[in-house]
Amino acid sequence: MYFSDLGVIALILALGFALYTVVASVLGAVRSAPQLVQSAKRSLLAVTFFLLLASAALVLSFLTHDFGVGYVAQHSSRAMPWYFTTAAFYGGQEGSLLYWALMLSIFSAIFVFTSKRAPAALVPYVMATLMATEAFFVIVLTSVSNPFARSPIIPADGAGLNPLLMDPGMLVHPPMLLMGYMSFALPYAFAVAAMITGNLSSEWLRSIRRWTLAAWTIQTTGLILGAWWAYHVLGWGGYWGWDPVENAALLPWLTATAFLHSTMVQERRGMLKVWNLFLIIASFALSIFGTFEVRSGVISSVHSFAYSDIGEYYLVFLVIVIVFSSALFLWRLPQLRPEQEFDSVISREGVFLLNNLLLIGMTFATLWGTLFPLISAFVRGQTMTVGPPFYNQVVSPLIAVLIVAMGVGPLLAWRRTSRSALWRNLSVPAILAALCAVVLPIFGVIDIAANIGFSVCAFSAGAILYELWRGARVRHSHGEPYLVALYMLFNRYRQRYGGYLVHLGLVLLIVGVIGSHYFQQQRDAVLKPGQDTNIAGYRLTYLGNIDTKESDKETITAQLQVWSNGQLQSYIYPGRITYHNYGDQPASLIPINTFGFTDLYVVLTDWNGAAQATIRIFVNPLVSLVWYGGVLMLIGGVICWWPERRRTLAAARSAAKPDVAVGAGIADGGVVV
Amino acid sequence: MSDERIVKGSWRQRRSLFVLLAALALLAAVWFWLAFAVPRQQTLDQHVKNVASQLRCPVCQGESVADSPALLAQQMRQVIREQLQAGRSDQDIVQYFASRYGEQNVVWSPPRQGFTLLAWIVPIALVAGGVVFLFFVLRDWQASSVPVGAPGPAAVSTKPHRQNDHEEEGTSEDSALEYYRAQIEHELAADDPLFRRYETEAK
């Protein structure tokens, strides 16, 4: 018996238990039989166990080089190091599906373990939704896309992994992004449960918010890692190309971001219930759409490593999700009434509405651009490409307004704000922005778009830092040293100050994007040994080429010296690796030297024998800020998500009752003097 | 509260409004100056890159002519350089490549005419429609929520805890405001050991 046989058995058992969980939990809820619900919980854990078993079987098949399994033969070879062999688990269509299913079951198990915190009436329906989704994936896994399928002829060695995937990024980015896509299933399950039971209490809101926050943080990490990986591997000097696959990962992130903001309005004011449900359903549908798009090859993309014919299954699933959710939604709609009325446009609620409008605008523009080639092909029979220039022009203005709103929002109070306080609080960041706009041209930044972008970022960063400073000053005036005061702010009001950290991270990221987009320099040079080329104050001296042949690949690198300020900084070796199994897909070795926030990025584009090289050099200013900003967003997300102590929680709950409108202003840490 | 303090307070309010307006005016002036007065200085290299990034490399996977290392892209960049030196406009050059390689192969963003204009108009129309929709919805909500005879939003400042300096809040001697402040301090004391300590110390 092979490990693969064990895998097949485990998958079939997982499917059985998943279906049982759906039936048992729904029956348990309808007949209010707690034993059935308890049984469903145990059966859900059994699903997790069997999927873990199936995954272990696949990993073991890889590690034992069982090339009788078609999937193993196609995605690994004996020469690969053990970590890439393990990572090849999710390197293709079937394995990534198994990974998806595994992660969904693990998250479901975490839900079961923490289900005491969720409203009891919702638990069975959440489990049923999760396991129905799980059942879909396991059905696909056991029928059309089985990773354990064996072929009669056993090859001596496998084909190896796609060269672009043979990179450390492979170990972190795909698992994160797939987990991110998957994790939108949990908020969706909560939404479905709420629509079925009609329970949209504040406990429900808290649960769904926490799961969405987790999903958002994971997806943020996945996106940033993806950008970082593309930057290090693809060799075009950039990190985001508005490729359909990248867009697909961005779409649910945008709607989840909108949800995280608008639920605060629901938490505080009991408004926007319908809209929030819509956003959650949209996030899940978009994440399924993204997976469908990547698989189906309907829209051509750079990053699709997993084309297959199971696209239509996803399409069917997507249609089911949309129809089912819409039906529930319409059925529940008459009972969803806002608890309170809107007071003033100039209020926190007002800015959140603007935030939602902008995020939805971006989502739609991105989706529209992604689908437009299809629409064009359908309507006039001619396909076309929609590339970065389109997205840059449509999305950038929306981002600029969003960043301004991000600065203004925290300065506004719930319900309505006194104008005079608003003017005073706005004037500090506005002065900063004006200073920034005036100073930048002096340093030679005369591009209007860049100037607007930087000034807007200065405004928003100024507003956030001013808010932090005011909070710290209030606590300082009550006898705390400034550092302790700052720590206490973050410790006591995690959601609010974690949110500020995310905002600061986004501002940093945008500054990095503006810097590397508008001020990137690029030079192509054909060099012979001893010749050098200059760019932006750096001098590169070419020494020669090195050719290394190994059993499975050939590596050609050019050796160059990097000089800056008359001093030798380092030797760099841009190169090209050609794997024998993937002769037409060479991978680049790209040395990236970071000086301050500026990257010197060198790509070997061509060579001739041992003594001539064509290199392409990019100088990317401020690009490091993209990564720092991303890390800051991640930290902020984790701070927001981190569980609060029970005492604080109870206090926040009692204060968050919407009838005490002013008290509600404090619950998230409104600084009061 | 004396009349003098009210005058002083309202002047301070106005001062911060003036500062804000001055900063915004400065921003507008700088941007206006950058947009219209500063000549667009771009070197030939930058100009070539600008045009090339508007074009998709026909033989590559999702790369622009500016980014691609492919031979064809290199030749196309050379052609762009020659045509720019010959004084042709960006639009002409894009048109030239579109007619040569086929619109769907090289044009990277949908042309703003005919059917492909939809690609641009629909998202913009949607956002504009959203703004209008929000405007009407908010107006309705507001109209239904302000009871007859109640003071309008401008006259009320219900959020005293946003202010750092009470002194600057000229109109803050409202009985409602005092009530809110007491309530806030009460809740804070219940919630926060630090403030509770402060309260007991004050006693």
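For residue B:61, the conditions (1) closer than 21 Å to residue A:521 by Cβ; (2) without any contact (Cβ under 8 Å) to a residue 12 or more places away in the chain; (3) not in a helix (DSSP H, G or I) all hold with the exception of (1).
Quick check: is even one residue across region A:539-559 more than 30 Å from the chain's Cα centre (by Cα) and closer than 17 Å to residue A:599 by Cβ?
yes
Would you call residue A:496 touching an Asp or Glu at 6+ places or on another chain (Cβ under 6 Å), touching a residue at least 60 places away in the same chain (Cβ under 8 Å) and either assigned to a helix (DSSP H, G or I) or within 10 Å of another protein chain (Cβ to nearest Cβ) (or both)? Spelling it out, residue A:496 is indeed touching an Asp or Glu at 6+ places or on another chain (Cβ under 6 Å), touching a residue at least 60 places away in the same chain (Cβ under 8 Å) and either assigned to a helix (DSSP H, G or I) or within 10 Å of another protein chain (Cβ to nearest Cβ) (or both). Of all residues in region A:266-315, those satisfying the criterion of being of a type in the set (Gly, Ala, Ser), assigned to a helix (DSSP H, G or I) and modelled with pLDDT under 80 are A:296, A:311.
Of the residues A:419, A:415, only one is touching a Ser or Thr at 6+ places or on another chain (Cβ under 9 Å), surrounded by fewer than 19 Cβ atoms within 10 Å (Cβ to Cβ), among the basic types (Lys, Arg) and farther than 29 Å from residue A:250 by Cβ; which?
On the way: A:415 fails: surrounded by fewer than 19 Cβ atoms within 10 Å (Cβ to Cβ).
Every option except A:419 fails the conditions.
Restricting attention to region B:58-76, the residues that are more than 9 Å from chain A (Cβ to nearest Cβ), out of contact with any strand residue (DSSP E or B) (no Cβ under 6 Å at 6 or more places or on another chain) and either buried (at least 20 other Cβ atoms within 10 Å of the Cβ) or under 10 Å from residue B:106 (Cβ atoms) (or both) add up to 3. Residues of region A:600-625 that are of a type in the set (A, V, I, L, M), in a strand (DSSP E or B) and within 29 Å of residue A:513 (Cβ to Cβ): A:600, A:602, A:603, A:604, A:615, A:617, A:619.
Checking residue A:412 against (1) touching a His at 6+ places or on another chain (Cβ under 9 Å); (2) farther than 19 Å from residue B:27 by Cβ, which single condition isn't satisfied? For residue A:412, the failing item is (1). Just for region A:198-244: of the residues that are of a type outside the set (Lys, Arg), over 30 Å from residue A:389 (Cβ atoms) and in contact with an Asp or Glu (Cβ under 9 Å, 6 or more places away or on another chain), which one is surrounded by the fewest Cβ atoms within 10 Å (Cβ to Cβ)? Residue satisfying both the conditions and the ranking: A:202. When each of A:133, A:114 is tested for being under 20 Å from residue A:211 (Cβ atoms) and without any contact (Cβ under 8 Å) to a residue 40 or more places away in the chain, the lone residue that passes is A:114.
All of A:330, A:318, A:336 fail the test of being among the aliphatic types (A, V, I, L, M), crowded, with 16+ Cβ neighbours inside 10 Å, modelled with pLDDT of 80 or more and in the same structural domain as residue A:239 (by TED's automatic domain parsing), apart from A:318. Scanning region A:612-624 for residues that are more than 12 Å from chain B (Cβ to nearest Cβ) and in contact with a Gly (Cβ under 6 Å, 6 or more places away or on another chain) yields A:621, A:622, A:623. In region A:416-446, the qualifying residues are those that are modelled with pLDDT under 80 and part of a helix (DSSP H, G or I), and the one that is nearest to residue A:466 (Cα to Cα) is A:421.
Scanning region B:21-56 for residues that are crowded, with 21+ Cβ neighbours inside 10 Å and either among the β-branched types (Val, Ile, Thr) or touching a residue at least 40 places away in the same chain (Cβ under 8 Å) (or both) yields B:30, B:48, B:51, B:54, B:55, B:56. Inspect all residues belonging to region A:155-162 and state whether any of them is surrounded by fewer than 23 Cβ atoms within 10 Å (Cβ to Cβ), part of a helix (DSSP H, G or I) and touching a residue at least 40 places away in the same chain (Cβ under 8 Å). No: region A:155-162 contains no residue that is surrounded by fewer than 23 Cβ atoms within 10 Å (Cβ to Cβ), part of a helix (DSSP H, G or I) and touching a residue at least 40 places away in the same chain (Cβ under 8 Å). Report, by residue number, each residue of region A:443-475 that is without any contact (Cβ under 8 Å) to a residue 40 or more places away in the chain and away from chain B (no Cβ under 11 Å). Matches in region A:443-475: A:443, A:465, A:468, A:472. In region A:369-394, which residues are surrounded by fewer than 20 Cβ atoms within 10 Å (Cβ to Cβ) and in a helix (DSSP H, G or I)? The answer is A:371, A:374, A:375, A:377, A:378, A:379, A:380, A:389, A:392, A:393.
Which residues, taken from region A:57-98, are touching a residue at least 40 places away in the same chain (Cβ under 8 Å), more than 24 Å from the chain's Cα centre (by Cα) and not in a helix (DSSP H, G or I)? If the condition is that a residue be touching a residue at least 40 places away in the same chain (Cβ under 8 Å), more than 24 Å from the chain's Cα centre (by Cα) and not in a helix (DSSP H, G or I), then A:64, A:65, A:66, A:67, A:68, A:69, A:76, A:77, A:78, A:79, A:80 are the ones that fit. Taken together, the residues in region A:357-368 that are under 22 Å from residue B:64 (Cα atoms) and either facing another protein chain (nearest Cβ under 7 Å) or surrounded by fewer than 18 Cβ atoms within 10 Å (Cβ to Cβ) (or both) amount to 2.
Annotation: residue A:145 fulfils all but one of (1) part of a helix (DSSP H, G or I); (2) in contact (Cβ under 8 Å) with a residue 60 or more places away in the chain; (3) within 21 Å of residue A:248 (Cβ to Cβ); the unmet one is (1).
The values are calculated or read from the model by the stated rules, or taken from the named source; none is laboratory data. Because the structure is predicted, anything quoted here is derived from the model rather than measured. Neighbour counts are summed over all protein chains in view; Cβ atoms, including those assigned to glycine, are modelled from backbone coordinates with ideal geometry.
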